[in-house]
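A.B. asks: Sharing a structure here in C-alpha cells format.
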Amino acid sequence: MAGSKVGTSAAARLRMVFLDAIVFAVIFAAASAAPAQTPVAHAQTNDQAWLSYTVGHERLAIPPPIPPSIHALGNSVLEQSAVREIQLGIAGTTVIAGAKAASAGETVIGTLDEVRAAFRGLQIPAHIAAHGFWLKRTLWRGRPLIIVAGSNDHGALFGAFDLLRRIATGADLTHLDAIEAPAMPIRWVDEWGNANGTVERGYGGRSIFFEGGKVRDDLNDVTTYARLLASVGINGCNVNNVNGAAPFLAPEMIKGLARIADAMRPWGVRLAISVDIASPQKVGGLKTFDPLDPDVKAWWAAKIDEIYQQIPDFAGVTVKADSEGQPGPASYGRSPADAANVLANALAPHGGVVLYRAFVYNNHLDYNDMKADRARAAYDIFHPLDGQFAPNVIVQIKYGPIDFQAEEPVSPLFAGLHKTSEAMELQVTQEYLGQQRHLVYLAPLWKEKLDFDLRAENRAAPVKEIIEGKSFNQPLGGMIGVSCIGRDGWLGAPMAMVNLYAFGRLAWNPNLSAEQIAAEWTKQTISTKPEVVATVDKMLLESWQTYVHYTGFLGTQTLTDITGSHYGPNIEASERNGWGQWHRDDPQGIGMDRSVATGTGFAGQYPPEVAKMYESAATTPDSLLLFFHHMPWTYKLHSGKTIIQYVYDIHYQGAEEAAQLGDEWATLKGKIDPQLYEDERARLEYQAGHAIVWRDAIVQYFLKETGIPDALGRAGHYPGRLEAEGARLTGYKIVDVTPWENASGGKIVTCDASPAQKTCSVEWTYAGKAGRFNITVQYLDLRGGAAHFALDVNGAVAATWAADALFPSNHAGDTSTRFTARGPDGRGIELKPGDVLRVEGAPDASDPAALDYIEIERDVSSAENSAAKVP
Ligand code: GCW
C-alpha cells in the first residue's frame, strides 16, 4: 500500500528532500514503518499503478527540487487534490548528493486568474485552452517559485500530474516553462459493469462499482481509480455495460450512482452511464419507447432532470441500440438521430452529452450472399444522417469497421461525417488481443489508426484530427477507452496497465509516440535504469505484431472462437453464420472481396484516394489484403511469397517471437522488482506455449485445406513430438477434439475418474539419440477441478504439477497449455534410447487430466550437449 512503499533505506531517508513540517511528519512516519528495501526498485502496487512515485530514486533526484511549501491559491477540491498529490509525489524523491535541499520558496497551484491575482507583475500567459495548464519555474522576490496554473481547476490538477510525471521520468526542471492542453474534450473510459458485479469482457475481476444488483457500499477503489484516470488526463467514466442498461435508471440505482459520482469528483472524473433506449417502457412503464412519442420525450426529460438533481456534474449517456439484440429506434422505423436527439435535448440544458455508438449492424446476415458485408453497416446507416444530430451528440465509432480486431482498417465512417462530432472507441481490455494473459501493448495499434490519413475531400485528414474536431470544424469529439477494470489489480495483469496509461496519454495528445509513452510508463513503474527501460520498451513495442503473427494473417481478422470466448483459435467459428466476421476460406483461396468492382463495395466507402488504394489487390497493403480481397492461396504478396507460404512462415515466426519475449524478460532478473519479475515470467512462459497452440491450429488447418506443403517442411511435421493417442494407454481414452485443429492430430486422451480409476497413464519408449532434453507435456487445463500430473522417466519422478489455471472456456484452443520439465539443476533431463517416459494424470472432479502430446527438445543451453554433439 501507499505508505509501505514510500520508505527506503536509512541512508536514502537522510537524503530525502526537506519538506515542510506537516508533510515531513507524515512521510517520516511512513518511512519508519517500512521494511528496509533492497536496491531493487519495487514495482507499483496494484492500487497505485504508475503513481507509486518510488521507482528509480536515482533519477528522481534531478535538481532543482520542488519548493516544499505547496499550497493552492483557491478553494477548489481539485486544487486540494493537486496539492496532496504533489506532496505525496515529492515525498518519494531524493536530491542527488551535494545538491542543496530546497528549503525555501513555494509551489503554488491555481487557475490562471488566481495566479494573476497572487503574483501581480509576473508575466503570465493570457490564455490557455480549456482544461490546459501552464507549468513555470521562476524566482519571486528572490525565492524559487513553481507555478501550476490551469485554465480552470481541472487544468490545475492535470498540470500537477504533469509536473510529477516530468519529475518521475527524470526531466530537468531548471527552465520549466510549458503550456499544454488536451487535444480533445471527450476523454472517457467505459467500464461495461453489470449490476450483479460481473464485467462484460473484463479480465480483472469483479466490478469496483457494483455488486448484488446495486452500487457497492465501499467505493474506495472508485476514488483510487479516479485518481489514476485523472493522472493521465481522463475526464469521464461510464460505469455500466452498454448491454442491458435499463436497471441503471431505477430511482434507487440513481442514488447509488450519485455516490459513485461523489467518489470520483475529487479527481475531476465525471460520471456517465449507458442507457437502454427502451427504458421509457422497461423502467417507466410507458406503452412505447418510440423516440418521437411526446410521452417518451417527456419521460426522458424528467429522468435526466432526476439524475442532475443528484449528480449536478453528470457527464452524459452512451447508447448501444439496434445492435446485437439491444432495442433501438428501428423498432418504430426511427433513425439513430431520432433516438440520439431525444436524449440530447433532455441533456442539453444541463450541459450533458450523448455518445451514440455507430456499432449498429445486422448479426443475422446471409453467409451465402456475396454482397452481404457487416463492415459496411456503420457507414451505410450513419453517413446519410450527417447533419441531423443535435450539437451535443457525438457519434462513437470503433476504430475499425468490424470489432476491435488485432488487424483491420480504419473505419471509413470517420471520413463520412462532416457535420457531426465524432469519437473513436477502442478497447483497453484485450478482448480479441489475448485477454491480459498475453502481453500486447496496444499503443502502436491505436497510433496506426489515429495517424491514418483518410484524405477526406482530397486533403490531409488523419483520424486524430477528425476526432479532435479539427478536420471538419466540430465542437466536440474525443476518445473512448473500453477498459473494463475490476478488483484484481484493475486489469488483472500488471503489465497490461501500460494500455490504460497509453490510452489516457493518447487521448490527451494523439501526437505522442508509442515509444515515448512506453518509456514514460516503464520509468514510472518498473525502473529508470536505461538498460531496463530499453528492454521493456523493446518488448512492449514488438508485442502487438508478435500477437498478430501467431494469430491471424493478412487482414483475415480474428481466427478465434467468435461465438464463444474470443480467446483461443477456432478458425471456422467465423464462417457460415450471421455474424459477418467471415474470411471465406476454401481449398482455392481466402479473403472477403470488398472491392467495388466485384465485391461488397465496402472499399468505396472511403474517400477517393483511399478507396482507390483498397480497390485493387496490387495496391492494398499486404497486412490488409484478405480484408479487401479474395485471393488464391498461391497469389504472390509484395514480398514475393505466396499467401500459403506466408501463413506457414509467419506463424512459426510469431511463436518464436513469443518465446523471445520471455528470453528478453529473463535478462531483467535481479534488476527489477522480484515479484513483478516472477509474475510476468510465468505469464510469458504461458504465452509462448499458447502461441504454439495458435501456430499449430492455423498451420494444420490450412495445410489440410490447401494440400500445399510448406516449402520449409515444418507444417505437419513435429520432430520430437510424441502423441498421446499413439502411446501405451492405461485408463486413458482417445477423444476427438472439436475443432480438430486445436489438438495435435485432432485427438487427445482423457481419464474418466471413477472410483476404481484414480489415475491413468500414457507411456512411450524413447527411441532418439542420447543427450539432455527439455520435456514438454501439452495438456488441457479443463474446468471443474485441478487435475494433477506427474512425469517420470524409467519410474523416477521428474516433475509434478497441477492443472489449476482458469481459462475462459473449456474448449481445447483455450485450455491447451504446457508444462516443461527440466532436470533438478535447471538443465535438460538425461535420456537415452530405450528409456520409458510416462505421464500419469490424476483427474479431479470433472477435470479429466486430458493430455495431447509430449515434445522432447534437445536442451541446447546445456554444456554437455554442445560437447556431446559427436554421435
Ligand atoms: O466486441 C463485442 C463484444 C461484446 C460487446 C460488443 C459491443 C458490449 O464481444 O461483448 O458488448 O462488442 O461493443 O457492444
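A.B. asks: Output the residues belonging to region 250-275 that are part of a loop (DSSP other than H, G, I, E, B) and closer than 22 Å to Gly328 by Cα.
C.D. replies: Going through region 250-275, the residues part of a loop (DSSP other than H, G, I, E, B) turn out to be 250, 268-269.
Once the filter is applied, which keeps residues that are part of a loop (DSSP other than H, G, I, E, B) and closer than 22 Å to Gly328 by Cα, region 250-275 yields only Ala250.
A.B. asks: Shifting gears a bit: Of everything in region 415-430, what is part of a loop (DSSP other than H, G, I, E, B) and open to solvent by less than 10 Å² (accessible area, probe 1.4 Å)? Give them in sequence order.
C.D. replies: First, the residues of region 415-430 that are part of a loop (DSSP other than H, G, I, E, B): 416-420, 428-430.
Scanning region 415-430 gives Gly416, Leu417, Thr420, Val428, Thr429, Gln430.
A.B. asks: Follow-up question, since we're still on this one. Among the residues of region 304-340, which ones are over 30 Å from Arg376 (Cβ atoms) and either within 16 Å of the ligand (Cβ to nearest atom) or not aromatic (Phe, Trp, Tyr) (or both)? Give the steps one after another, and end with the answer.
C.D. replies: Residues of region 304-340 that are over 30 Å from Arg376 (Cβ atoms), as a first pass: 304-315.
Within region 304-340, Ile304, Asp305, Glu306, Ile307, Gln309, Gln310, Ile311, Pro312, Asp313, Ala315 meet the criteria.
A.B. asks: Identify, please: which residue in region 396-411 is more than 9 Å from the ligand (Cβ to nearest atom), open to solvent by less than 10 Å² (accessible area, probe 1.4 Å) and not aliphatic (A, V, I, L, M) and is, among those, nearest to Gly477 (Cα to Cα)?
C.D. replies: Gln396
A.B. asks: Next up: Could you name every one of the strands (runs of 3 or more DSSP E) located completely within region 781-856 that has at least 2 residues being closer than 30 Å to Val199 by Cβ? Walk me through it before giving the result.
C.D. replies: Values: elements: 787-793, 796-803, 816-821, 829-831, 836-842.
Of the strands (runs of 3 or more DSSP E) lying wholly inside region 781-856, those with at least 2 residues that are closer than 30 Å to Val199 by Cβ span 796-803, 816-821.
A.B. asks: Let me ask something else. Which ones in region 746-769 are open to solvent by 50 Å² or more (accessible area, probe 1.4 Å), touching a strand residue (DSSP E or B) at 6+ places or on another chain (Cβ under 9 Å) and either assigned to a strand (DSSP E or B) or over 18 Å from Val839 (Cα atoms) (or both)?
C.D. replies: Lys747, Glu763, Thr765, Lys769
A.B. asks: Which residue is nearest to the ligand (Cβ to nearest atom), if the candidates are limited to region 252-276 and must be open to solvent by 10 Å² or more (accessible area, probe 1.4 Å) and over 16 Å from Arg216 (Cα atoms)?
C.D. replies: Step by step, filter region 252-276, then rank; the result is Arg270.
A.B. asks: Regarding region 423-432, can at least one residue be identified that is within 16 Å of the ligand (Cβ to nearest atom) and out of contact with any strand residue (DSSP E or B) (no Cβ under 7 Å at 6 or more places or on another chain)? Please lay out each step first, then the result.
C.D. replies: First, the residues of region 423-432 that are within 16 Å of the ligand (Cβ to nearest atom): 423-432.
Cutting the leftovers down to out of contact with any strand residue (DSSP E or B) (no Cβ under 7 Å at 6 or more places or on another chain) gives us 430-431.
Yes; the residues of region 423-432 include at least one that is within 16 Å of the ligand (Cβ to nearest atom) and out of contact with any strand residue (DSSP E or B) (no Cβ under 7 Å at 6 or more places or on another chain).
A.B. asks: Of the residues that make up region 470-479, is at least one within 16 Å of the ligand (Cβ to nearest atom) and buried (at least 22 other Cβ atoms within 10 Å of the Cβ)?
C.D. replies: Initially, region 470-479 is screened for residues within 16 Å of the ligand (Cβ to nearest atom), giving 479.
Filter once more, keeping what is buried (at least 22 other Cβ atoms within 10 Å of the Cβ): 479.
Among the residues of region 470-479, at least one is within 16 Å of the ligand (Cβ to nearest atom) and buried (at least 22 other Cβ atoms within 10 Å of the Cβ), which makes the answer yes.
A.B. asks: If you go through region 549-581, how many residues are more than 16 Å from the ligand (Cβ to nearest atom) and over 18 Å from Asn742 (Cα atoms)?
C.D. replies: Final tally of qualifying residues: 4.
A.B. asks: Just to be sure I understand, how many residues within region 341-381 are small (Gly, Ala, Ser) and within 16 Å of the ligand (Cβ to nearest atom)? Break it down stepwise before answering.
C.D. replies: Taking region 341-381 first, the residues small (Gly, Ala, Ser) are 344, 346, 348, 351-352, 358, 372, 375, 377-378.
Still in the running and within 16 Å of the ligand (Cβ to nearest atom): 358, 375, 377-378.
Here the count works out to 4.
A.B. asks: Take Ala301 and tell me if it is part of a helix (DSSP H, G or I) and either within 17 Å of Asn392 (Cα to Cα) or within 16 Å of the ligand (Cβ to nearest atom) (or both). Full working, then the answer.
C.D. replies: Working: part of a helix (DSSP H, G or I): yes; either within 17 Å of Asn392 (Cα to Cα) or within 16 Å of the ligand (Cβ to nearest atom) (or both): yes.
Here the answer is yes, as Ala301 does meet what is asked.
A.B. asks: Checking the condition under 25 Å from Ile480 (Cα atoms) and among the hydroxyl-bearing types (Ser, Thr, Tyr), which residue from Thr551, Thr522, Thr535, Thr556 passes?
C.D. replies: Values: Thr551 fails: under 25 Å from Ile480 (Cα atoms); Thr535 fails: under 25 Å from Ile480 (Cα atoms); Thr556 fails: under 25 Å from Ile480 (Cα atoms).
Thr522 is the lone residue from the list that is under 25 Å from Ile480 (Cα atoms) and among the hydroxyl-bearing types (Ser, Thr, Tyr).
A.B. asks: Taking region 425-471, which residues are touching a Lys or Arg at 6+ places or on another chain (Cβ under 7 Å) and either closer than 24 Å to Tyr614 by Cα or at pLDDT below 95 (or both)?
C.D. replies: Listed by number, the residues that qualify are Glu425, Leu450, Asp451, Ala461, Val463.
A.B. asks: Determine which member of the set Gln557, Gln588, Gln545 is in contact (Cβ under 8 Å) with a residue 24 or more places away in the chain, touching a strand residue (DSSP E or B) at 6+ places or on another chain (Cβ under 8 Å) and open to solvent by 10 Å² or more (accessible area, probe 1.4 Å). Lay out the reasoning, then the answer.
C.D. replies: Working: Gln557 fails: touching a strand residue (DSSP E or B) at 6+ places or on another chain (Cβ under 8 Å); Gln545 fails: touching a strand residue (DSSP E or B) at 6+ places or on another chain (Cβ under 8 Å).
Selected residue: Gln588, the only one of Gln557, Gln588, Gln545 that is in contact (Cβ under 8 Å) with a residue 24 or more places away in the chain, touching a strand residue (DSSP E or B) at 6+ places or on another chain (Cβ under 8 Å) and open to solvent by 10 Å² or more (accessible area, probe 1.4 Å).
A.B. asks: Kindly indicate whether any position in region 595-607 is without any contact (Cβ under 8 Å) to a residue 60 or more places away in the chain and within 29 Å of the chain's Cα centre (by Cα).
C.D. replies: Let us first name the residues in region 595-607 that are without any contact (Cβ under 8 Å) to a residue 60 or more places away in the chain, namely 595-598, 603-604.
This time we only want the ones that are within 29 Å of the chain's Cα centre (by Cα), so: 603.
Yes, because at least one residue in region 595-607 is without any contact (Cβ under 8 Å) to a residue 60 or more places away in the chain and within 29 Å of the chain's Cα centre (by Cα).
A.B. asks: Of the numbered conditions (1) in contact with a helix residue (DSSP H, G or I) (Cβ under 9 Å, 6 or more places away or on another chain); (2) open to solvent by 30 Å² or more (accessible area, probe 1.4 Å), Asn363 satisfies every one except a single condition; which is it?
C.D. replies: (2)
A.B. asks: Moving to a separate point now. Pairs under 6 Å by beta carbon, first residue closer than 22 Å to Ser76 by Cβ in region 129-153, partner in a strand (DSSP E or B) and among the basic types (Lys, Arg), six or more apart or different chains?
C.D. replies: Ile146/Arg137; Ile147/Lys136
A.B. asks: Does Val533 count as out of contact with any Lys or Arg (no Cβ under 7 Å at 6 or more places or on another chain) and within 24 Å of Phe161 (Cα to Cα)?
C.D. replies: Details: out of contact with any Lys or Arg (no Cβ under 7 Å at 6 or more places or on another chain): no; within 24 Å of Phe161 (Cα to Cα): yes.
No, not satisfied.
A.B. asks: Among the listed residues Arg594, Arg576, which satisfies the condition of being closer than 30 Å to His383 by Cα, buried (at least 23 other Cβ atoms within 10 Å of the Cβ) and basic (Lys, Arg)? Reasoning before the result, please.
C.D. replies: Working: Arg576 fails: buried (at least 23 other Cβ atoms within 10 Å of the Cβ).
Going through Arg594, Arg576 in turn, the sole match is Arg594.
A.B. asks: Sort out which residues of region 190-206 are away from the ligand (no atom under 14 Å from the Cβ) and either touching a Pro at 6+ places or on another chain (Cβ under 6 Å) or touching a residue at least 40 places away in the same chain (Cβ under 8 Å) (or both), and write them in order of number. Even if it seems obvious, please write down each step before you answer.
C.D. replies: Applying the first criterion (away from the ligand (no atom under 14 Å from the Cβ)) to region 190-206 yields 195-197, 204-206.
Of everything in region 190-206, those that are away from the ligand (no atom under 14 Å from the Cβ) and either touching a Pro at 6+ places or on another chain (Cβ under 6 Å) or touching a residue at least 40 places away in the same chain (Cβ under 8 Å) (or both) turn out to be Ala195, Gly204, Gly205, Arg206.
A.B. asks: Could you tell me which residue of region 530-542 is most open to solvent (accessible area, probe 1.4 Å), considering only residues that are within 15 Å of Leu442 (Cα to Cα) and aliphatic (A, V, I, L, M)? It would help to see each step written out before you state the result.
C.D. replies: Taking region 530-542 first, the residues within 15 Å of Leu442 (Cα to Cα) are 536-542.
Restricting the remaining residues to those that are aliphatic (A, V, I, L, M) gives 536, 539-541.
Numbers: Val536: 0, Met539: 1, Leu540: 1, Leu541: 58 Å².
Filtering first and then ranking leaves Leu541.
A.B. asks: Scan region 493-527 for residues that are surrounded by fewer than 22 Cβ atoms within 10 Å (Cβ to Cβ) and touching a strand residue (DSSP E or B) at 6+ places or on another chain (Cβ under 8 Å) and jot them down.
C.D. replies: Asn509
A.B. asks: OK, next. Out of region 677-700, which residues are over 25 Å from Val762 (Cβ atoms) and either touching a strand residue (DSSP E or B) at 6+ places or on another chain (Cβ under 6 Å) or open to solvent by 10 Å² or more (accessible area, probe 1.4 Å) (or both)? Explain how you work it out, then say what you get.
C.D. replies: From region 677-700, those over 25 Å from Val762 (Cβ atoms) are 677-684, 687, 698; that's our starting set.
Within region 677-700, Tyr677, Glu678, Asp679, Arg681, Ala682, Arg683 meet the criteria.
The values are calculated or read from the model by the stated rules, or taken from the named source; none is laboratory data. Computed from a prediction, not measured in an experiment: that's the story for all the values here. Cβ atoms come from the backbone with ideal geometry, glycine included; neighbour counts cover every protein chain shown. Surface accessibility is based on the protein's heavy atoms, side chains included, excluding ligands, DNA and RNA. Shrake-Rupley method; radii C 1.70, N 1.55, O 1.52, S 1.80 Å.
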